[in-house]
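The values are calculated or read from the model by the stated rules, or taken from the named source; none is laboratory data. Because the structure is predicted, anything quoted here is derived from the model rather than measured. Every residue, glycine among them, receives a Cβ derived from its backbone with ideal geometry; neighbour counts consider all protein chains shown.
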Amino acid sequence: MENPQSTGQFGGSLSMAVDRLDRALAALEARVQALNNGEPLPEYAPPPAQTSEDVQQILRELDNVRSEKEQLAAAANDAFEALGAAAANIRILLRDEAA
């Protein structure tokens, strides 16, 4: 059920998020170090805002993941029902053999 293309897209978005987090942590560390040393705080330049296209891509990926989750849940339910039917058949066969 896993689509390599969607997995790669999700990984790319995750990688972008990790990069942004790394930059934010580096900026925070620089500010804390400046405060500890009694230095003036460095200028904070927020990362560039995500474009509407980036946000839409992330929302599409989220929808895909939700859809895959629903498909996996349905497959798991089907497998559970099939195992239950198989167990019932085995019980019947064992009971018939014992009789």
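Quick notes on this one:
- Residue count, the stretch 5-46 (criterion: of a type in the set (S, T, N, Q) and at pLDDT below 80): 6
For every residue, the table says whether it meets (1) in a loop (DSSP other than H, G, I, E, B); (2) surrounded by 11 or more Cβ atoms within 10 Å (Cβ to Cβ); (3) not acidic (Asp, Glu).
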site: Arg23; (1), (2), (3): no, yes, yes
site: Ala27; (1), (2), (3): no, yes, yes
site: Glu61; (1), (2), (3): no, yes, no
site: Arg66; (1), (2), (3): no, no, yes
site: Asn77; (1), (2), (3): no, no, yes
site: Glu81; (1), (2), (3): no, no, no
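- Considering (1) in contact with a helix residue (DSSP H, G or I) (Cβ under 9 Å, 6 or more places away or on another chain); (2) at pLDDT below 80, the lone condition that Glu61 does not fulfil carries the number (2).
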